[in-house]
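The values are calculated or read from the model by the stated rules, or taken from the named source; none is laboratory data. Please read these numbers as outputs of a predicted model, since none were measured by experiment. Cβ placement follows ideal geometry from the backbone for every residue including glycine, while neighbour counts extend to all protein chains displayed. Accessible surface is based on the protein model in full, side chains and every heavy atom, while ligands, DNA and RNA are left aside. Shrake-Rupley method; radii C 1.70, N 1.55, O 1.52, S 1.80 Å.
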Amino acid sequence: MIVRYLLAALVAGLFSGVLMTAAQEARVVPLILHAEEFEGGGETAPATEGTTPSTDGATQTQTQTQEHSSLGAVLLDVASSFSPISVAYAHEGEEHEEGGIMFGMSRFSGTLLANLVTGSGFALLLAGFSLVSGHSITVANGALWGAAGWLAVHMLPAIGLPPELPGFPAADLGDRQVWWVATIVLSAAGLYLLFLKDGIVAKIAGIVLIAAPQVYGAPQPGDISSNVPAVLGAEFAVAALATTLFFWIVLGLSLGFANEKIAKAA
Amino acid sequence: MAVSSTSSVTLSANDRLVAGVFALLIGAFLVFGAGLANSAVLHDTAHDTRHSYGFPCH
């Protein structure tokens, strides 16, 4: 019986992971690839572009159209996305141990695998939260569970640590991870008190828990200059939050469905 | 099977707790592995996923 609940979560997580991969490939990965062109960017010197006088407009549009119309570049991009060898992962200024993608997979398969694992992980966390709190997830309330999961894991932590493109400046990794995990735990507890507990004291405690990490503040980098254009970062932050919202709503609904079909079918 | 009166989940309260804690532990392990683990191979494999989910991983 216990195993059936875990199985239901796994099925929902794998399904959501596949759909999330499609959403990412459509909206997020193109922005990551674009940002990687600027990452570390010494030679292309995108920073000087802004200082170019406006009389240079003609040459700028020319390079832009070249960028978009070059069929060869597009073919190379497509080929490189299927190739197991990719230089794009080597982040500037990091002491990398020998990296590379597991089992010699392509970049896309690596992303798909990671999404399947992440999807299963979040599905088990959501199912575990529901089981421990004693409120079951159904098709009727699944989307709301998903939305709450998105708030706790993505939206509320993003207030302090917005999703980052490659090449963005960031504070110390350990500090950010501690703040991130603490914010998710406090936000989830706060949302539980806010939505699933009765009484004015519980509601106020919920709001306090949700606000606490934001008032404390996320670790911020000292120097925020970056070679990656700000517009790209803004587009990416919205795309990342939108696709994760999609993922969590699919996850909540499919977990509700799987609970009714698999877990209760015994 | 006993049905806990305070919940609509059709497991006994004890089984429910065991299943829930078990699910939370495995789930946290999987999310940690895919999202935060400090291994170059895991990082490179999950690179685009980590950025998309906003994991603070590097």
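General remarks:
- Put a dot 7 Å past the Cα of B:Ala28, heading toward its Cβ, do the same for A:Ala170, and the two dots end up 2.2 nm apart.
- Solvent exposure, largest accessible area first (probe 1.4 Å, DNA, RNA and ligands not counted), of B:Asp48, B:Asp15, A:Asp223: A:Asp223, B:Asp15, B:Asp48
- Largest first, the residues A:Met1, A:Met20 sort by 1.4 Å accessible area into A:Met1, A:Met20.
- Length gained on full extension, B:Ser39 to B:Asn14: 5.3 nm, using 0.36 nm per residue less the C-alpha separation.
- Estimated buried accessible area (total), pair B and A, 1.4 Å, Å² to nearest 100: 4200 Å²
- FRET efficiency for A:Ala230 and B:Val21, using Cβ-Cβ distance with R0 set to 45 Å, rounded to 0.05: 0.55
- FRET efficiency for the A:Ala211 to A:Leu33 pair, using the beta carbon distance and R₀ = 25 Å, is estimated at 0.10.
- A:Ile210, B:Ile26, A:Ile200, A:Ile32, ranked by accessible area, largest first (probe 1.4 Å): A:Ile200, B:Ile26, A:Ile210, A:Ile32
- Per residue, the stretch A:127-214 exposes 42 Å² of solvent-accessible protein surface, assessed with a 1.4 angstrom probe and all protein chains in place.
- Residue by residue along A:210-222, Cβ atoms of other protein chains within 10 Å of the local Cβ number 0 on average.
- When nucleic acids and ligands are ignored and a 1.4 Å probe is applied, A:Ser254 ends up with an accessible area of around 20 Å².
- Counting only heavy atoms of the protein chains and using a 1.4 Å probe, A:Phe246 has close to 90 Å² of accessible surface.
- In this simple spin-label model, placing a label point 7 Å from the Cα along the Cα-to-Cβ direction at both A:Phe195 and A:Lys264 gives a separation of 1.9 nm.
- Per-residue SASA remark: A:Ile204, around 100 Å² accessible (1.4 Å probe; ligands, DNA and RNA not included).
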